[in-house]
Each structure stands twice: as structure tokens, then as C-alpha cells.
Amino acid sequence: MTQKPIINKYEDKDILELPSIVELNEEERSYLMGLVSSVHRVIDASSNLETEESEILGEGNFFWPKDPQAPVMRSKFYHEKNFRMRGIHINISREDNAKKWNKAWISATPRNFPIGVFSMNLPAQFFDDYVLLRSEQEHRPEYRIKDPLIFVFALKNNRKISMKLEARSDVASVADAYPKSFHLLVLERE
């Protein structure tokens, strides 16, 4: 899949010159929202991975499970080279290769992460199909982002599908009805 890359204004800058908050432009934001929608369709089983790969994701790589006796094809990883925008990685997994894909991790980070994060200014309609269950700040001293904000949503018409977002407190707030940004988004179907 050949796609024209989206060039941001920091593309040619040294990593030390990148700001701590990197603003996404409209093209980047729209593209990222399209990727999340594509992965969402795989997790809610309204589409299949092969269709989404041919349309937006590109070909991913299977990971061999840690247990060599476990079946292959349980986890598929999409490196940033698959995408029009740098800093995006997607991992989609399932319990075994006979089942539907049920969990996905989408990370979107600038090259200087964790010093830098994207400010996405996500619109409210990004969350229209979801209801916020909880938002809180977690203390994780051993992680790269020490005190991330966690937002957990459930799909309004199917509570078995959840969406969890993690963001830094300088680009999101638990006081808001929804986060304006994230560095990690997890979609899961029970």
C-alpha cells in the first residue's frame, strides 16, 4: 500500500528541538480518527481485518506468541511505516486464530515521547457513540508517563465494547466530558 505521507512542521527538526506538546493539524487529526474508526470496525466485527488492511492499515506482521506451543496469528503489529503519519503503532490481538480480533492498542506519539505528546484537539463527535464510565489519574512511578489520565468508555449500543484512553495532564483533563488527546487508545470486545 503506497500512501502519500503527511508531513508535519517538525519533520526535519532534531528530536531535541521538538516541543513538549506537538499540535496535530487538521489533516493529521482526520487521518488518525480514520485509523481509529478502521480498527474499531475490526474489533466490533462490522468489518474484517483483511478489508481494513487493504483500505487503510496496510499489511501488518504477525508475532509469534511467547509460548512456542501456542497457535500463530494471535497478534498482528502495524509499524509506523504502514501509515501516512509518523509515530503511530497499532497492535491487534485475539485469543486464538479461530476467533475474531477482540483487542487493539493504538499509540500515537511524536518522536520525542514521553517528553513530547500530541495535542490532538479531538472533536466531541469522536466520542458520540460512547458513554464515559470513569476518568481518573493513575500513579505509575515505573512507567514513562508517571501520572497518566485514564478515560474509560463503553459503546452506547454494545456495552461489551470498551475504549480506554491514556493522556498526559497537559493535553487532557479529567474535568472534561471527554479527553482532547491521547498517547494510547485501547479498544476491547469482551
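The values are calculated or read from the model by the stated rules, or taken from the named source; none is laboratory data. On a predicted model such as this, the values are computed, not experimentally measured, just so you know. Cβ placement follows ideal geometry from the backbone for every residue including glycine, while neighbour counts extend to all protein chains displayed. Quick note on the areas: whole protein, heavy atoms, side chains included, nothing else; ligands and nucleic acids left out. Shrake-Rupley method; radii C 1.70, N 1.55, O 1.52, S 1.80 Å.
Can SER38 be described as under 28 Å from LEU155 (Cα atoms) and either modelled with pLDDT of 95 or more or β-branched (Val, Ile, Thr) (or both)? When the stated conditions are applied, SER38 passes them.
For the range 52-76, give me the residue count where each residue is open to solvent by 50 Å² or more (accessible area, probe 1.4 Å) and at pLDDT 90 or above. Within the range 52-76, residues that are open to solvent by 50 Å² or more (accessible area, probe 1.4 Å) and at pLDDT 90 or above number 0.
Residues of the range 1-37 being among the small types (Gly, Ala, Ser) and crowded, with 18+ Cβ neighbours inside 10 Å, which ones? Of everything in the range 1-37, nothing turns out to be among the small types (Gly, Ala, Ser) and crowded, with 18+ Cβ neighbours inside 10 Å.
The rows are residues; the columns are (1) outside any loop (DSSP other than H, G, I, E, B); (2) over 28 Å from PRO5 (Cα atoms); (3) in contact (Cβ under 8 Å) with a residue 40 or more places away in the chain.
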| position | (1), (2), (3) |
| --- | --- |
| SER47 | no, no, no |
| GLU52 | yes, no, no |
| MET85 | no, no, yes |
| LEU122 | no, no, yes |
| PHE126 | yes, no, yes |
| ASP147 | no, yes, no |
| PHE151 | yes, yes, no |
| LYS160 | yes, yes, no |
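If a residue must be at pLDDT below 90 and within 21 Å of GLY116 (Cβ to Cβ), how many such residues does the range 177-186 contain? Of the residues in that region, 0 qualify. The residues in the range 156-168 that are open to solvent by 10 Å² or more (accessible area, probe 1.4 Å) and either modelled with pLDDT of 95 or more or not polar (S, T, N, Q) (or both) can be counted, and the count is 7.
Please determine, by comparing only the residues of the range 91-114 that are out of contact with any helix residue (DSSP H, G or I) (no Cβ under 9 Å at 6 or more places or on another chain) and open to solvent by 50 Å² or more (accessible area, probe 1.4 Å), which one is nearest to TYR178 (Cα to Cα). Taking the candidates together, the pick is TRP105.
Only one of the numbered conditions (1) exposed (fewer than 13 other Cβ atoms within 10 Å of the Cβ); (2) more than 18 Å from the chain's Cα centre (by Cα); (3) not β-branched (Val, Ile, Thr) is not met by LEU133, and that is (1). Counting only residues that are of a type outside the set (Lys, Arg) and open to solvent by 50 Å² or more (accessible area, probe 1.4 Å), the range 78-88 holds 2 of them. Of everything listed in (1) over 20 Å from SER38 (Cα atoms); (2) of a type outside the set (A, V, I, L, M, F, W, C); (3) in contact (Cβ under 8 Å) with a residue 40 or more places away in the chain, the single unmet condition for HIS183 is (1).
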